[in-house]
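I have placed the structure first, in the form of structure tokens, so that the comments after it can refer back to it.
Values in this text are rule-based calculations from the coordinates and carry no lab data. Remember, predicted model here, so these are calculated numbers, not experimental data. No Cβ is skipped: glycine too gets one built from the backbone with ideal geometry, and neighbour counts run over all protein chains shown.
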Amino acid sequence: MSRADAPTAETGRRTRRPGGGPRPRKGWTARRRDLLAGYLFVAPQLLGSVLFVLVPLALVFWYSFHEWNVLVGSFEFTGTANYERLAADPALPGVLAATATFSAGLVALNLSLALALAVLLNQKLRGTVVFRTLFFSPVAVTLVAWTIVWRFLLQDDGGVNGLLSAIGTDGPNWLRGETTAMIAVIVVQVLKNVGLNMVLFLAALQGVPHELYEASMLDGAGRWTRFRRITVPMISPTILLTSIITVVGSLQVFAQIDVLTGGGPGTSTTVLVYYLYQNAFQFHDFGYGATLSVLLFAIVLVLTVVQWQMRRKWVVHED
Amino acid sequence: MRITRRTMVAAAAASPIALAACGGESDDDGPVTLRVTVWSANEDHLALLNGIAEAYLADHPEVEAIEFDPLPFEGYTSTLTTQIAGDNAPDLAWILENSAPDFVTTGALVPLGDKLSSTDGYDVDDLVPAATELWRHDDELYAYPFSTSPFAMFVNNDLLAEAGQPTAAELAASGEWTWERAVEAGAAVRAQTGADGIVIRDFDYSGWDNLSTLWTGWGARPWSEDGTECGFAEPEMVEAMDFMHRSVFEHEAMPGPGTTADFFAGEAAMTVTQISRAGLLEDAAFAWDLVPLPAGPAGEYSVIGQAGIGVLAVAPHPEQAADFLAFMTGPENSQKLAQYFPPPRQSQLTAEVLGQANPLLSPEQLQTVVIDRIDEGVVKPSHTGQAQIDQAVRAALDPLWTADADVEGVLTEVCAAIDPFLAR
């Protein structure tokens, strides 16, 4: 900054303000060229973000103040009518409860399983590479294909119950019971994505200096104490990162619900994004769909800010 | 770092100037291209449609091309409405019967009456009134029901014989072809062969409107004729659904929720579906028959599934589209379409015309199952705001599909769930 703000020798010779102060040169200084090059480099990304993120976001807010029925061809400004409808929507409490159950279940199961797998597969044992690949491979599978296969496996006469009956247990009709359907949707999603968090945790674990463990062992710390006092604090930034992306991802679940349960049985697995989809794309009510999107946006924003703020309390290196 | 206005301008200028290039298709006087959304990607269907389009293009220089754009059947209406919302509406669209009221009564379609009656040789009076009823609003026709296909029962005679049951044709001949008897036969097949009994195709404990192929036999209906009163809690419906419930959970004559059985793969003794599925039996390894739906307590009946084609009000070229629709559905082309889709024209509802399309079906089968039934057929349920009602009924019906369900209680809840929508 200071170099560019200071008058160059050339500037000093050629231009003087009436007040006598130096004035920056209008030509192409090296700094300006650097700046321009920088902006040119970020321009495509910036333009993409504006076009495909900011503009749609603004439009969603705008649409949420309208009644927009595509079939009828109506688009009328209705003020806060959609928000009043949102506040009085009798289906919304159930939808939010299903969303909260799904998110809580998914985040808890995903993070604990990912961490457990990462710790297990961080040992120097034969075959860990095979297992790492095995647990990570679902991440690379197409989501819908993965879910369709699970739909077959979870049928009453499907593979999961076949396996259970082989060991002498009768499994439930997974996708037809309200509780079992929710469990099934959560587990299918966890198995799909747990590998990603596992890899992130693995990388973090491998970054923990070995001397710390050696020192603590000399001090007589057991396996659990070492995990709690050294491992967890040292990888806490990764725990923060994975929890934020998992929470945000859990709130955006759609394809799994659509393929596995269609929001049922009853409305037990109708989460917010699925309800939004129903209103906008099945009931042709884009205005109310946009209002639900704004609600979703607000929820994601609040949860992310809360997690970010809480990091000071438990993430090491964040003082 | 300071961001000066000039650098911002430079950054903006560096970006592709693509924005300015964005814009709709130019609407000059040159030849136009018509786009038609359909849900069939069947090559034979598309070849037939393209053949009709080519014949039209030969005489109509104002139209340059006609594109048939197959969308997946799953979510067809959602995709179509999303295209409309995205300012990318097709000119013509196939419309499913269950969304017919939403399209017909809302001004989403262009009225066709004047165009059709002013087209030489169209013969509007040949259209069967029962077939066009769903597609009319205030005495005006908004879409042409190019496919009007009754539901019927396909029967696997081998499985019935294996279970020691008479064939459906034998039961029909002796006047015993009733739901009660069909379920008895289905239960016997299940108990003795392990295959499933009766599959109401596409129901799958979700597509409840397919159950109209059963409850109509009890004289039940989901809502009153004017669409304002719920019919789910009426005695006829309770009786029909109780019958269905017992067939599934007590007699095990129908596969339960979460299980699948494909009749056409020989996994079930009977299935309720439309005749267009007969093609799946071309290489069937079992003896089969096609018979009308069994009689219910209210007597014999039939249920029709329909598909219409209409011109969207927001179509880029509505006039040319309406003209093509009149050409495509006139007597000559209607006969060609009859190869795959039973036509709504009285003069073409003959075993001979329908036989061209369905070589696997005998003239008797076509006569008893299709021709005799189109006039009196009840069209599958539909209502304005069908998607919301559909969703509400599905969710409220879910508790019915457990062994210990309180049928009447669940159906009362269904009415409570859809009353607000019916009242609109």
Practice prompt. Could you name the lysines whose alpha carbon sits less than 27 Å from that of A:Lys124, not counting residues in the same chain fewer than 8 places away?
Written response: A:Lys192
Worksheet entry | Convex hull volume per residue in cubic angstrom - Cα atoms of the range A:90-314 | 150
Discussion item. I want to make sure I understand the PRE zone here: with the label point 7 angstrom from the Cα of B:Glu408 toward its beta carbon, which residues in the range B:187-220 have backbone N atoms less than 18 Å away?
Written reply: B:220
Worksheet item: Over all distinct Cα pairs, what is the inverse of the mean 1/r for the protein assembly as shown, reported as the Kirkwood hydrodynamic radius in Å?
Response: 30.5
Worksheet item: Roughly what angle does helix B:407-422 make with the longest principal axis of chain B, taking Cα atoms, 0 to 90 degrees, to the nearest 10?
Response: 20
Worksheet entry | Percent of C-alpha pairs per 10 Å bin, the range B:218-350, short to long | 9, 23, 29, 25, 13, 1
Worksheet item: By how many degrees, 0 to 90 and rounded to 10, does the Cα axis of helix B:5-14 deviate from the longest principal axis of chain B?
Response: 60
Worksheet entry | Net lengthening on full extension, B:Ala55/B:Ala287 (0.36 nm per residue, minus Cα-Cα) | 79.5 nm
Item to complete: Find the centroid of the Cα atoms in the range B:383-415 and in the range A:263-287, then give the distance between the two in whole Å.
Response: 17
Discussion item. Let me understand the range B:25-77 better: what is its radius of gyration from the alpha carbons, and its Dmax, in angstrom?
Written reply: 12.9, 37
Practice prompt. Report, ordered by chain and residue number, the lysines lying within cross-link reach of B:Lys115, taken as a straight Cα distance under 25 Å and ignoring same-chain residues fewer than 8 apart.
Written response: B:Lys336
Response to the item:
With Rg from the Cα atoms and Rh as the Kirkwood inverse mean 1/r over Cα pairs, the range A:183-319 has an Rg/Rh of 1.13
Fill in: Selected from A:Thr142, A:Val188, A:Leu121, residue furthest toward positive end of dipole (the range A:85-189; charges at beta carbon)
A:Leu121
Worksheet item: Kirkwood hydrodynamic radius (Cα pairs, Å) of chain B?
Response: 23.5
Worksheet entry | Cα-derived Rg to Rh of the range A:56-184, Kirkwood definition | 1.14
Worksheet item: Separation of the range A:65-123 and the range B:66-114 by C-alpha centroid, Å?
Response: 29
Worksheet item: What is the order of B:Tyr144, A:Tyr213, fewest Cβ neighbours within 10 Å to most?
Response: A:Tyr213, B:Tyr144
Worksheet item: Helix A:286-314 versus the longest principal axis of chain A: what is the Cα-based angle in degrees, 0 to 90, to the nearest 10?
Response: 80
Worksheet, complete the sentence: For B:Ala423 and A:Val130, extending 7 Å from Cα along the Cα-Cβ vector and measuring point to point gives, in nm, a value of 6.5
Fill in: Charge-dipole axis of the protein assembly as shown as Lys and Arg at +1 and Asp and Glu at -1 on Cβ define it, positive-most pick from B:Ala173, A:Gly249, A:Gly289
A:Gly249
Worksheet item: Dipole magnitude of the protein assembly as shown about its Cα centre, charges +1 at Lys/Arg Cβ and -1 at Asp/Glu Cβ only, in debye to the nearest 20?
Response: 7820
Practice prompt. Kindly rank B:381-387, A:278-284, A:139-145 from highest to lowest mean number of other beta carbons found within 10 Å of each residue.
Written response: A:278-284, B:381-387, A:139-145
Response to the item:
The distance between the Cα centres of the range B:236-254 and the range B:349-379, in whole Å, is 29
Practice prompt. Give me the distance in nm between label points sitting 7 Å out from Cα along the Cα-to-Cβ direction at B:Asp126 and A:His210, one decimal.
Written response: 8.8
Worksheet item: Averaged over peptide A:279-288, how many Cβ atoms belonging to another chain are found within 10 Å of each residue's Cβ?
Response: 5
Discussion item. As an exercise, use a Förster radius of 45 Å and the Cβ-Cβ distance of B:Asp372 and A:Thr78 to find the FRET efficiency, rounded to the nearest 0.05.
Written reply: 0.30
Worksheet entry | Karplus-derived 3J(HN,Hα), 6.51/-1.76/1.60, for each residue of the range B:158-167, Hz, glycine and proline x | 5, 5, 4, 5, 4, 8, x, 9, x, 6
Discussion item. Cut-off 20 Å, label point 7 angstrom out along Cα-to-Cβ of B:Glu62: give me the residues of the range B:298-334 whose amide nitrogen falls inside.
Written reply: B:310-330
Practice prompt. Once you have the Cα-Cα distance between B:Asp242 and B:Asp262, take 0.36 nm times their residue separation minus that, and quote the gain in nm to one decimal.
Written response: 4.8 nm
Item to complete: Determine Rg/Rh for the range B:36-145; Rg is computed over alpha-carbon atoms and Rh is the Kirkwood hydrodynamic estimate from the same atoms.
Response: 0.96
Practice prompt. Among A:Gly220, B:Gln83, A:Asn279, flag the residue with its Cα farthest along the positive direction of the charge dipole of the protein assembly as shown, charges on Cβ as +1 for Lys/Arg and -1 for Asp/Glu.
Written response: A:Gly220
